[in-house]
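This report concerns only the one structure given below.
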Amino acid sequence: MTDICLIGTGGMMPLKERWLTSCYIEHEGKAVLIDCGEGTQIALTCADCKISRIDILLITHIHADHISGLPGFLLSLGNASRTEPLDIYLPQGTLTAVRGLLGICDRLPFEIFFHELPIAEPTSFIAEKIDPMLEICTLPLRHSTRCLGYSLTFRRKPVFLPEKAKALGVPVREWRKLHAGGSVTLESGENITAEMVTGESRPAVKLCYVTDTLPFNGIAKFAENADLFICEGMYGELDKKQSMNKKGHMLMQDACRLAKSAGAKRLWLTHYSPAEKYPQNFKKELSRICESVVVSADGEKISL
Ligand SMILES: [Zn+2]
Ligand SMILES: [Zn+2]
């Protein structure tokens, strides 16, 4: 089971009733955080997310609303007695700026490992720390600075059938190995393979997070068949389209079109402009473009 929480939905600056866009993804007791704007550690607490479980931080880009919460977040992690290293992934060429923020975090009780990701082409890696079956992919976005979209694909083992394992006489201590795809030789000499004790394969769970970009077709391809597509929607007023696109942003309607063409099962909007006081007002209009749209509020949650 993967629990996802959009802990904030604001762009540019935090408001009294809206934290900055950031997403917490927990999977079997370990978590990934995407982006860390001002006050993120407080927003995590408000949303009942466990800061101590975060092992990986993915940074989209180094605009303040996505990164300026890093010192407070790291100090809070230290305060939670963390000693395990933290992995931070970020776009190539942004490490110096991020390291600069660490200058005000004295004596953290854990190590930080940085991983710079290419900005000229998409890349992917396995997030072994969270789950050996979790693949994280990137998509270079079109913003005013180097910026990456992320997708997280949790592949799942097929269903394990204990009654079949029992009937074949496989000791319980060997079940885990078989469920992971291995094989076991019984005392009788009989060889038992994973296929003999597992059932149907289960579809992977795919989450896609794209914010601070012009809309372009590559995003729809990137978010193809996502179970959850989280995408920016700065405004719902159509007359703002040109000025937004010029600044490397998109409207709620742009996000809806991308979700529709991606065949995403759900779309959560986020990164509203502070001037967009009531994004919910656009719900009806947006639903006509994309039925599954959720005009998210802080703390939006789902288990997939
Ligand atoms: Zn932003
Ligand atoms: Zn930005």
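The values are calculated or read from the model by the stated rules, or taken from the named source; none is laboratory data. Every value quoted in this text rests on a predicted model; they were computed, and no experiment measured them. Neighbour counts run over all protein chains shown; Cβ positions are idealised from the backbone, glycine included. Heads up: the accessible areas ignore ligands, DNA and RNA and are worked out on the full protein's heavy atoms, side chains in. Shrake-Rupley method; radii C 1.70, N 1.55, O 1.52, S 1.80 Å.
Using packing as a proxy for protection, rank 57-63, 140-146, 97-103 so that the peptide with the highest average count of other Cβ atoms within 10 Å comes first.
On the way: 57-63: 22.7, 140-146: 18.0, 97-103: 12.7.
With the highest mean Cβ count within 10 Å placed first, the list reads 57-63, 140-146, 97-103.
For the pairs LYS129/LYS260; LYS177/LYS265; LYS129/LYS177, note any where the Cα-Cα span goes beyond 28 Å. Intermediate results must be reported in sequence, preceding the final value.
Numbers: LYS129/LYS260 33 Å; LYS177/LYS265 33 Å; LYS129/LYS177 19 Å.
LYS129/LYS260; LYS177/LYS265, as the Cα separations exceed 28 Å there.
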> How many percent of DSSP beta bridges within the chain run antiparallel, rounded to 5?
Replying inline: 60
> Taking the Cβ of LEU20 as the center, what net charge do the other residues with Cβ under 10 Å away carry, scoring Lys and Arg +1 and Asp and Glu -1?
Replying inline: -3
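Within the range 1-130, what percent of beta bridges assigned by DSSP are antiparallel, to the nearest 5? Let's see the in-between values first.
On the way: 12 of 26 bridges.
Here the antiparallel bridges make up roughly 45 percent for the range 1-130.
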>> Give me the percent of accessible area attributable to carbon and sulfur for the range 169-256, probe 1.4 angstrom.
In response: 49
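Per residue, how large is the accessible surface of the chain? Use a 1.4 angstrom probe and give square angstrom. It would help to have the intermediate numbers written out before the result.
Numbers: 14140 Å² over 304 residues.
That works out to 47 Å² for each residue.
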> Simple spin-label model, 7 Å along Cα-to-Cβ: LEU15 to LEU238 in nm?
Replying inline: 2.4
>> Can you give me the C-alpha center-to-center distance between the range 205-226 and the range 19-54, rounded to a whole angstrom?
In response: 21
> In the Gaussian network model of the chain, springs joining C-alpha atoms below 10 Å, which of GLU291, GLU276, GLU121 carries the largest mean-square fluctuation?
Replying inline: GLU121
>> Suppose we keep just the DSSP beta bridges with both residues in the range 57-210; what percent of those would be antiparallel, to 5?
In response: 70
>> If you take every residue apart from LEU148 with its C-beta less than 14 Å away from the C-beta of LEU148, what net charge results, scoring Lys and Arg +1 and Asp and Glu -1?
In response: -3
> Under a Cβ-Cβ cut-off of 14 Å, what is the net charge of the residues other than CYS290 that fall near it, where Lys and Arg count +1 and Asp and Glu count -1?
Replying inline: +4
>> Under 10 Å, Cα contacts only: if you run a Gaussian network model on the chain, which one of GLU128, GLU237, GLU163 comes out with the highest mean-square fluctuation?
In response: GLU163
> Highest mean first, what order results for 35-44, 170-179 on Cβ atoms within 10 Å?
Replying inline: 35-44, 170-179
>> Starting from the 7 Å offset along Cα-to-Cβ, what nm value, one decimal, do you get for the label separation of GLU291 and GLU195?
In response: 3.8
